[in-house]
1. Residues in region 259-274: is at least one within 16 Å of the ligand (Cβ to nearest atom), of a type in the set (Gly, Ala, Ser) and touching a Gly at 6+ places or on another chain (Cβ under 9 Å)?
2. Looking only at residues that are out of contact with any Gly (no Cβ under 6 Å at 6 or more places or on another chain) and within 10 Å of the ligand (Cβ to nearest atom) in region 199-212, which one is nearest to residue 49 (Cα to Cα)?
3. Of all residues in region 375-400, which are within 16 Å of the ligand (Cβ to nearest atom) and either in contact with a helix residue (DSSP H, G or I) (Cβ under 6 Å, 6 or more places away or on another chain) or modelled with pLDDT of 75 or more (or both)?
4. Checking residue 422 against (1) more than 15 Å from the ligand (Cβ to nearest atom); (2) in contact (Cβ under 8 Å) with a residue 24 or more places away in the chain; (3) among the charged types (D, E, K, R); (4) surrounded by fewer than 18 Cβ atoms within 10 Å (Cβ to Cβ): exactly one of these is not met. Which one?
5. Evaluate the following for residue 44: is it in a loop (DSSP other than H, G, I, E, B), surrounded by fewer than 20 Cβ atoms within 10 Å (Cβ to Cβ) and among the basic types (Lys, Arg)?
6. For region 56-75, how many residues meet the condition of being over 30 Å from residue 119 (Cβ atoms) and touching a residue at least 40 places away in the same chain (Cβ under 8 Å)?
7. When the residues of region 220-253 are filtered to those that are among the hydrophobic types (A, V, I, L, M, F, W, C) and in a helix (DSSP H, G or I), which remaining residue is nearest to residue 318 (Cα to Cα)?
8. Pull out all pairs, ordered by first then second residue, where Cβ-Cβ is under 6 Å, the residues are six or more apart or on different chains, the first lies in region 337-359 and is closer than 11 Å to residue 327 by Cβ, and the second is β-branched (Val, Ile, Thr) and not in a helix (DSSP H, G or I).
Amino acid sequence: MTKSALQIARAAYQPKVPAALKGQVTAVDGAYTQSVADQDEIKKLFPNTYGMPIITFEKAKEAVSYPAINVGVILSGGQAPGGHNVIAGLFDGVKAINKDSRLFGFILGPGGLVDHKYMELTADIIDEYRNTGGFDMIGSGRTKLEETAQFDKGLEILKQLEIKALVIIGGDDSNTNACVLAEYYKANNAGVQVIGCPKTIDGDLKNEQIETSFGFDTACKVYSEVIGNIQRDCNSARKYWHFIKLMGRSASHIALECALQTHPNVCIISEEVEAKNLSLDDVVTQIATVVAQRAADGNNFGTVLIPEGLIEFIPAMKKLIAELNDFLAKNEAEFKLIKRSEQRNYIVSKLTKENSALYASLPEGVARQLTLDRDPHGNVQVSLIETEKLLAEMVGTKLAQWKKEGKFVGKFATQVHFFGYEGRCAAPSNYDADYCYSLGYTASCLIAAGKTGYMSSVRNTTASADKWIAGGIPVTMMMNMERRHGEMKPVIQKALVKLDGAPFKAFVAKRDEWAKKTDYVYPGPIQYFGPTEVCDQPTKTLLLEQGK
Ligand code: FBP
């Protein structure tokens with residue numbers, strides 16, 4: 001494999017870890033826990049894994065010897081920078097438990113466990129992938145582990161390989177499934193522990209104990225670099241409005257973080273749109289107003305950041321999508337038989353009056369995208385909906401109208417962009433390289449401590465790494481009941497942008513100024529070597545959340 005100079009230099013990077021992980025650890029039990037909501041239902045569904053205490057690892061006073069253990073690892077869902085370092089940390093951790101321990105990777109996600117596709121991860125393989133982006137060491141997939149038949153099939157290969165613990169690296173849905181699996185294996189005395197790790201660039205798997213999901217830091221830095229470059233181009237040519245959609249699924253954390261890093265002229269936050277009950281026309285008017293004001297100052301250029309989940313947060317659209325989700329879950333087979341040219345009319349005829357009228361009013365492309373296949377978790381694939389084009393077009397139409405009315409005097413030409421895949425496999429920033437390695441190593445400590453149904457947790461990450469706190473959080477603690485595929489299911493509560501949170505407030509305090517003035521920031525590319533203030537900064541979101 002040909003390697004770039006950076007790859008070669010980066011391979012030697014030694015991730016920084018919490019001081020407690022530098023030798024043997026002791027697990028210290030904290031307070032017993034409850035789920036964030038719906039306690040009675042969750043407790044009933046997870047009788048063996050509910051209510052366990054939070055764990056913190058401290059330096060052990062005396063050395064303990066552990067038997068060798070075979071461990072399995074799965075990468076689940078979308079790629080996020082740092083996944084390989086979680087596996088490297090896990091590998092080093094299980095070898096520190098006992099040098100004869102072995103690590104097996106299941107190929108292409110949870111499906112690899114069910115289909116018995118695996119590879120042993122040896123030191124040579126691990127060394128090839130240290131500090132690299134991507135999930136290509138073992139691949140990832142979106143198979144949903146939820147049927148007991150899948151759990152039993154998985155158990156066959158776990159038994160065959162004498163695997164006693166399985167680490168599932170994934171987002172909220174995958175960690176929910178990890179917990180269901182932990183409960184099942186415990187209830188059936190299968191002798192397999194299950195540990196989760198918080199992954200997703202979307203940043204929506206976080207709470208009091210899980211400060212951030214890995215990959216968010218690097219992905220936001222990559223997008224902010226490119227947004228900064230576009231802003232410099234835009235401020236040089238002074239002729240385009242750039243509409244930039246950013247990945248992030250439902251939550252607007254990525255858009256908000258990128259706005260804090262780059263100071264765009266407009267950034268829409270879906271959670272605010274929902275809270276203010278804004279219509280699509282309100283959002284369009286908001287953007288057009290900024291364009292018109294800047295045009296009045298002679299500035300016919302600017303940037304607009306759009307979170308990819310926006311459509312779902314416009315209340316009327318949300319109701320429509322919820323009905324579509326339920327309807328398509330129940331009538332998938334019938335819908336698939338309808339000719340493409342007739343699908344729109346078919347849907348219009350099946351929905352309730354209000355939703356039907358809204359659906360009929362949508363541009364053809366968007367209407368079609370709303371009926372495309374759901375992901376295996378039943379979610380609309382928001383990354384397929386071209387909101388950036390929709391908004392650019394609708395703002396153009398509104399401005400043309402305003403021009404006729406004498407309310408707009410400028411020019412309006414647009415460029416559209418979608419940044420998502422560009423950042424998901426970037427070489428992890430120092431923050432993600434360190435955080436991921438520590439998460440993987442912590443997972444090995446949870447295994448050694450005999451825990452199951454826990455998520456690996458590393459906290460206090462805005463401090464220097466030696467002050468980070470490693471531990472484990474019971475997954476049931478993060479759960480509530482939500483409607484999925486038309487049924488109420490126990491799931492980890494998704495963390496959306498909090499409108500009373502410090503990051504959003506910091507944005508609100510500045511956005512009017514950013515709209516009018518051209519106050520762009522150009523963050524430049526991620527730096528891996530150099531002064532700590534350039535290389536080791538966490539996200540602005542995390543700094544603000546922690547009052548720094
Ligand atoms: P995860 O939630 O699995 O981490 O995926 C994140 C994400 O990148 C979203 O931001 C995006 O909507 C989605 O994956 C795209 O899915 P796919 O990789 O299947 O195209």
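1. Among the residues of region 259-274, at least one is within 16 Å of the ligand (Cβ to nearest atom), of a type in the set (Gly, Ala, Ser) and touching a Gly at 6+ places or on another chain (Cβ under 9 Å), which makes the answer yes.
2. Step one: list which residues in region 199-212 are out of contact with any Gly (no Cβ under 6 Å at 6 or more places or on another chain), which gives 203-204, 206-212.
If we keep only those that are within 10 Å of the ligand (Cβ to nearest atom) too, we end up with 203-204.
On the way: 203: 25, 204: 23 Å.
The extreme case among them is 204.
3. Let us first name the residues in region 375-400 that are within 16 Å of the ligand (Cβ to nearest atom), namely 375-388.
377, 380, 381, 384, 385, 386, 387, 388 - these are the residues of region 375-400 that are within 16 Å of the ligand (Cβ to nearest atom) and either in contact with a helix residue (DSSP H, G or I) (Cβ under 6 Å, 6 or more places away or on another chain) or modelled with pLDDT of 75 or more (or both).
4. Condition (1) is where residue 422 drops out.
5. Working: in a loop (DSSP other than H, G, I, E, B): no; surrounded by fewer than 20 Cβ atoms within 10 Å (Cβ to Cβ): yes; among the basic types (Lys, Arg): yes.
No; evaluated as a whole, the condition is false for this residue.
6. At the first step, the residues of region 56-75 found to be over 30 Å from residue 119 (Cβ atoms) are 56, 58-64.
Filter once more, so that each one left must be touching a residue at least 40 places away in the same chain (Cβ under 8 Å): 56, 59, 64.
The total comes to 3.
7. Residues of region 220-253 among the hydrophobic types (A, V, I, L, M, F, W, C): 220, 222, 226-227, 230, 234, 237, 241, 243-244, 246-247, 251.
Filter once more, so that each one left must be in a helix (DSSP H, G or I): 220, 222, 226-227, 230, 234, 237.
On the way: 220: 26, 222: 30, 226: 30, 227: 29, 230: 31, 234: 34, 237: 38 Å.
So, considering only residues that are among the hydrophobic types (A, V, I, L, M, F, W, C) and in a helix (DSSP H, G or I), the one nearest to residue 318 (Cα to Cα) is 220.
8. From residues that are closer than 11 Å to residue 327 by Cβ, the pairs are 346/338.
The values are calculated or read from the model by the stated rules, or taken from the named source; none is laboratory data. No experiment lies behind these values; they were computed from the predicted model shown. Using ideal geometry, Cβ is built from the backbone for each residue, glycine included, and neighbour counts are taken over all protein chains shown.
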